[in-house]
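S.K.: This is the structure I want to talk about, given as structure tokens.
The values are calculated or read from the model by the stated rules, or taken from the named source; none is laboratory data. Computed from a prediction, not measured in an experiment: that's the story for all the values here. Positions of Cβ are generated from backbone atoms using ideal geometry, with glycine treated the same way; all protein chains shown enter the neighbour counts. Calculation scope for accessible area: heavy atoms of the full protein, side chains included, ligands and nucleic acids excluded. Shrake-Rupley method; radii C 1.70, N 1.55, O 1.52, S 1.80 Å.
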Amino acid sequence: MKISARNIFRGQIESVKTGAVNSEVDLLLSGGEKLVAMVTNESVQSLGLAAGKEVVALVKASSVLVMTDDSGIRLSARNCLAGTVKTVTAGPVSAEITITLAGGAEVHATITHNAETELGLKEGSAATAVFKASAVILGVPA
Amino acid sequence: MKISARNIFRGQIESVKTGAVNSEVDLLLSGGEKLVAMVTNESVQSLGLAAGKEVVALVKASSVLVMTDDSGIRLSARNCLAGTVKTVTAGPVSAEITITLAGGAEVHATITHNAETELGLKEGSAATAVFKASAVILGVPA
Amino acid sequence: MKISARNIFRGQIESVKTGAVNSEVDLLLSGGEKLVAMVTNESVQSLGLAAGKEVVALVKASSVLVMTDDSGIRLSARNCLAGTVKTVTAGPVSAEITITLAGGAEVHATITHNAETELGLKEGSAATAVFKASAVILGVPA
């Protein structure tokens, strides 16, 4: 699959909670992390999403926030993946941050250059990648 | 209307599926493409969204992914618009891609420069613009 | 809290409308503006979100659109905050815009450089920051 999403995780569906128009899909990634996705019921049906199914989870780098200190604040964002900064690529306005998770997977985030400077992100910094369930796209073999 | 959204499509509502707090709105664009939007019920009521109504659909370029090969993977993203790359503008971190659809409309996506390089995007490349229903904002005349 | 989100607003929950899997949370910000967030029911429960509770609302700059003229169009986006452009930082592809609201709070948006040029954004321009309820992350003290 060739797609611009910087984050492509492999995993298995643990459960699907279906609402009136949207469904919450809980995943277990191959690296051991848990992920939550919010997709439409139509997608659940057309893709046959159900517990046990192998899927890929795609997350655009621009949907990912980088947190270095939660200061005791808990967030509504369902996906918070802790790791270590591997690389920082900074431009005049944007910066791309790559975080390596404990399980070995990498998460890419694009944030503003200002945010990157304020957080003092550099190789080896502890950092958590944060994104909402609604930012996740799921894919299954046709 | 003067707004920073790079993607402004004109279309007509085909159907509205209302849930407990969110509604799915299916559109037929003037170029013949179909589009799906997820908005709150409050917006459906306050904007009077209903089948037959003319609307504009706004999508921020940063919400759009670019796919050049699906490798037999089907995605939960409800909006997949196939076309041809018209222009690529690359910066040190980001790149803006313009895709011309069969119906003549253009879709703009901002992706990372790294993704643009890996996909080998250039003028004339076949490419599909992918975005979630939740990325779409609808507008109606006041 | 150290996080890359450029927009961190303090406010109080006015009401929570719970659906099957998602909930709409209405906030009153300390500057007097209203904000709407869409989060999962799971987050409402785990964070104890309820009317009267003090929260922070986080919005990534890339989720924010900038509008300078609505031309009589009403949008489904639930958050439209009017103010004045304070700064414009432009790169080759992206631009970061800071808007000061009437109540004194600042909103940051990253848009394309092309959009910034077309809108003619500069210090002192009237501008409205627009973002969907689904773009908002809520946080509470642990």
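S.K.: Restricting the search to the range B:99-112, which residues are at the interface with another protein chain (Cβ under 10 Å from one of its Cβ atoms) and among the β-branched types (Val, Ile, Thr)?
M.R.: If the condition is that a residue be at the interface with another protein chain (Cβ under 10 Å from one of its Cβ atoms) and among the β-branched types (Val, Ile, Thr), then B:Thr110, B:Ile111, B:Thr112 are the ones that fit.
S.K.: While we're here: Output the residue which, of all residues in the range A:113-127 that are open to solvent by 60 Å² or more (accessible area, probe 1.4 Å) and closer than 16 Å to A:Thr89 by Cβ, is farthest from the other protein chains (Cβ to nearest Cβ).
M.R.: The qualifying residue farthest from the other protein chains (Cβ to nearest Cβ) is A:Glu123.
S.K.: Also, I was wondering about something else. Any chance you could count how many residues in the range C:1-24 are within 18 Å of A:Glu118 (Cα to Cα) and assigned to a loop (DSSP other than H, G, I, E, B)?
M.R.: 4
Yes/no matrix, rows are residues, columns are (1) in a strand (DSSP E or B); (2) not assigned by TED's automatic domain parsing to the domain that holds C:His108:
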position: C:Asp26; (1), (2): yes, yes
position: C:Gly31; (1), (2): no, yes
position: C:Ser46; (1), (2): no, yes
position: C:Val56; (1), (2): yes, yes
position: C:Thr87; (1), (2): yes, no
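S.K.: Hey, another quick one. Looking at the range A:20-73 only, could you name the residues that are crowded, with 22+ Cβ neighbours inside 10 Å, within 30 Å of A:Gly124 (Cα to Cα) and not small (Gly, Ala, Ser)?
M.R.: A:Leu27, A:Leu35, A:Val36, A:Leu58, A:Val59, A:Lys60, A:Val64, A:Leu65, A:Val66, A:Met67
S.K.: Just give me the residues in the range C:128-140 being over 18 Å from B:Ile137 (Cα atoms) and either more than 9 Å from every other protein chain (Cβ to nearest Cβ) or basic (Lys, Arg) (or both), in sequence order.
M.R.: none
S.K.: Within the set of pairs 6+ apart or on separate chains, which have a first residue in the range B:1-27 that is within 14 Å of chain A (Cβ to nearest Cβ), a second that is surrounded by fewer than 16 Cβ atoms within 10 Å (Cβ to Cβ) and not in a strand (DSSP E or B), and C-beta atoms under 8 Å apart?
M.R.: Listed pairs, sorted by first residue: B:Glu14/B:Ala51; B:Ser15/B:Ala51; B:Val16/B:Ala50; B:Val16/B:Ala51.
S.K.: I need a count of the residues in the range C:58-85 that are outside any loop (DSSP other than H, G, I, E, B), out of contact with any helix residue (DSSP H, G or I) (no Cβ under 6 Å at 6 or more places or on another chain) and within 15 Å of C:His108 (Cα to Cα).
M.R.: Looking only at that region, the number is 12.
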